[in-house]
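The values are calculated or read from the model by the stated rules, or taken from the named source; none is laboratory data. From a predicted model like this one, the values you see are computed outputs, not experimental measurements. Using ideal geometry, Cβ is built from the backbone for each residue, glycine included, and neighbour counts are taken over all protein chains shown.
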Amino acid sequence: MELFSYAFMQRALIAAVLVGITAPAIGIYLVQRRQSLMGDGIGHVALTGVGLGFLLSANPVWMATAVAVAGAVVMELIRWYGRTRGDIALAMLFYGGMAAGVLFTSLAPNGSNANLLTYLFGSITTVSPQDITAICLLAGFVVLVTVGLRRQLFAVSQDEEFAQVTGLPVRLLNLLVAVTAAVTVTVAMRVVGLLLVSALMVIPVAASQQIARSFATAFALSVVIGVVVAFSGTVTSYYADVPSGATIVLLAIGVFVTLTLLAAPLAKKRARRAAGDGTRCTLEVPAARPTEDDVRV
Amino acid sequence: MDTVISMRGATATLGSRPVLRGVDLTVRRGEVVALLGANGSGKSTAIRAVVGQVPLTSGGLELFGTPLNRFRDWARIGYVPQRTTAASGVPATVREVVSAGRLARTKLGLPRKADRRAVEHALELVGMADRAADPVEALSGGQHQRVLIARALSVEPELLIMDEPMAGVDLASQEVLAGTLREQVSLGTTVLLVLHELGPLEPLIDRAVVLRDGCVVHDGPPPKAQGQHALPGHDHVHPHAGHAAEPIRTGLF
């Protein structure tokens, strides 16, 4: 296992595992609220932060975090107030974010769009020790929110109106979900890239819900799937010399397909067991209708 | 008797359409009040305004003697929203959904033993204790409604507010729900509920408030079966198992 002896690979694997935990952990709430593509939108906006990082010679991870959090808060505000033209506003935000990122990077003294590629599609082996510090701190925040407030976030994501009537601070919790999603995007940015971030938030959740029956199981299972595909994807990318982000996402899709195929017979077995305790119909179906009286045309 | 809900001259609009046009609604402690009316009469809007989900454009609203904007004591209220059939996609068990109701008491804290007991008790009240670990997607309409009522009861409310608890509910579940409600009322719980028809709940109702076009047209003893059926625009939702989901609309509106 020579790959564990390289410092860059150790950092890569730590980052991969943290992404495998955090992306599905916040993703499950986004999926539950039918905001599966929110991560994608935040990813676009975060690119502005990366560009600013290059331009101001600051750490792109922290800059991306700041911009992504601001973008997520704006998105949440649009969801509250601008319901009518909300989708147009979001489109402006997403593409504006992407465009600004490209522009800032090209203006940066040593920036070229080749640098951008490592953020767009991930470049896990170039994760620096400073990046790892940032990723660890941010991942800690995400885990704290998604696990510590799971009951409250479940309630808000499942039935927002009901949650409001229980007196929960629904707007605050919604903002927290948006901010946490933004933080997760920047955690995952170096590993799978901004364009593939959303995949790791959604696919493990989609895979787990094929076989899970409770929210708790779905949560745990999607995190397990996330960690497994992020870790094995990174190892595969080392040996096969292929990009880590793409490998991880395709592995996740493979898990989704496998679990979907497994789920069909499992559901049938459960249905059979459920039918076993019930009684069968005893009513007789009336005999076929006589046809001799039918009007012929 | 002290007043639990006091709505005075309430007006509300949806978009630019006035839906409530000066509604007065008073519910006193221990009363069971039914809001009746045709589709679009404003009864659902009225009940959603009571729980602060529809802003009033004018008029006043007090819950337990406190103006709505200063009311924080939500644990005193159990709310059963109109049932939506759209599943969230992410699986959840009956117990997980019912536990969400208890958050009105635990807020951002952790659930204690008493909270878990209250959730189990609420499940028993609606006869769903044996289904606690089942996913909610596997339930029938009536069972789902029982889960939503258990979620409201888990907080051990003084006031139960329900939006069409009997809509699309099979006969067996209707009887379970009527029994649950009877028990709650006998314990002194105040109830405000929107109904299409009095049905099996009729003996429980102390007072009926009938809305038409956003105005109160009747406030008094519940109309007798005949009178109730004679209401304009009245929808017949008959709880026959097979076609309960499809109301037969005979109304004029």
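Is the range B:90-110 home to any residue that is away from chain A (no Cβ under 11 Å) and surrounded by fewer than 16 Cβ atoms within 10 Å (Cβ to Cβ)?
No: the range B:90-110 contains no residue that is away from chain A (no Cβ under 11 Å) and surrounded by fewer than 16 Cβ atoms within 10 Å (Cβ to Cβ).
Scan the range B:174-204 for residues that are outside any helix (DSSP H, G or I) and more than 26 Å from B:ALA75 (Cα to Cα) and jot them down.
Here is the first cut: in the range B:174-204, the residues outside any helix (DSSP H, G or I) are B:187-198.
Of everything in the range B:174-204, those that are outside any helix (DSSP H, G or I) and more than 26 Å from B:ALA75 (Cα to Cα) turn out to be B:HIS196, B:GLU197, B:LEU198.
Of everything in the range A:91-113, what is polar (S, T, N, Q) and surrounded by fewer than 18 Cβ atoms within 10 Å (Cβ to Cβ)? Give them in sequence order. Give the derivation first.
If we filter the range A:91-113 for residues that are polar (S, T, N, Q), which is where we start, we get A:105-106, A:110, A:112-113.
Residues satisfying the conditions are A:SER106, A:ASN110, A:SER112, A:ASN113.
Hey, any hits in the range A:128-140 for a residue that's over 19 Å from the mean Cα position of the chain (by Cα), acidic (Asp, Glu) and more than 14 Å from chain B (Cβ to nearest Cβ)?
yes
Is there any pair linking a residue in the range A:24-37 that is within 16 Å of A:ASN174 (Cβ to Cβ) and in contact (Cβ under 8 Å) with a residue 24 or more places away in the chain to one that is of a type in the set (Asp, Glu) and surrounded by 24 or more Cβ atoms within 10 Å (Cβ to Cβ), with Cβ under 6 Å and at least six apart or on different chains, and which?
If the second residue must be of a type in the set (Asp, Glu) and surrounded by 24 or more Cβ atoms within 10 Å (Cβ to Cβ), no pairs are left.
Just wondering, is there one or more residues in the range B:143-166 that are without any contact (Cβ under 8 Å) to a residue 24 or more places away in the chain, within 26 Å of B:VAL32 (Cβ to Cβ) and either part of a helix (DSSP H, G or I) or of a type in the set (S, T, N, Q) (or both)? Spell out how you get there, then give the answer.
Our first condition is that a residue be without any contact (Cβ under 8 Å) to a residue 24 or more places away in the chain; within the range B:143-166, this holds for none.
Looking through the range B:143-166, none of the residues is without any contact (Cβ under 8 Å) to a residue 24 or more places away in the chain, within 26 Å of B:VAL32 (Cβ to Cβ) and either part of a helix (DSSP H, G or I) or of a type in the set (S, T, N, Q) (or both).
Filtering the range A:39-58 down to residues that are aliphatic (A, V, I, L, M) and modelled with pLDDT of 90 or more, which residue is surrounded by the fewest Cβ atoms within 10 Å (Cβ to Cβ)? Steps first, answer last, please.
Quick first cut of the range A:39-58, residues aliphatic (A, V, I, L, M) only: A:42, A:45-47, A:50, A:52, A:55-56, A:58.
Those left that are additionally modelled with pLDDT of 90 or more: A:42, A:45-47, A:50, A:52, A:55-56.
Details: A:ILE42: 30, A:VAL45: 28, A:ALA46: 32, A:LEU47: 28, A:VAL50: 28, A:LEU52: 20, A:LEU55: 17, A:LEU56: 12.
Here the answer is A:LEU56.
Does A:MET189 satisfy being within 14 Å of another protein chain (Cβ to nearest Cβ), buried (at least 24 other Cβ atoms within 10 Å of the Cβ), not in a loop (DSSP other than H, G, I, E, B) and not charged (D, E, K, R)?
Working: within 14 Å of another protein chain (Cβ to nearest Cβ): no; buried (at least 24 other Cβ atoms within 10 Å of the Cβ): yes; not in a loop (DSSP other than H, G, I, E, B): yes; not charged (D, E, K, R): yes.
Criteria not met by A:MET189.
Working carefully through the options B:ALA12, B:ALA49, find the one that is in a helix (DSSP H, G or I), among the small types (Gly, Ala, Ser), closer than 21 Å to A:PHE162 by Cβ and touching a residue at least 12 places away in the same chain (Cβ under 8 Å). Steps first, please.
Working: B:ALA12 fails: in a helix (DSSP H, G or I).
Testing whether each residue is in a helix (DSSP H, G or I), among the small types (Gly, Ala, Ser), closer than 21 Å to A:PHE162 by Cβ and touching a residue at least 12 places away in the same chain (Cβ under 8 Å) leaves just B:ALA49.
Step by step: first the residues of the range B:52-77, then only those that are within 9 Å of chain A (Cβ to nearest Cβ) and outside any loop (DSSP other than H, G, I, E, B), then the one that is surrounded by the most Cβ atoms within 10 Å (Cβ to Cβ). Which residue is that?
B:ILE77
Condition test on B:ALA133, is it facing chain A (nearest Cβ under 9 Å) and touching a residue at least 24 places away in the same chain (Cβ under 8 Å)? Write out each step before concluding.
Details: facing chain A (nearest Cβ under 9 Å): yes; touching a residue at least 24 places away in the same chain (Cβ under 8 Å): yes.
So B:ALA133 fits the description; yes.
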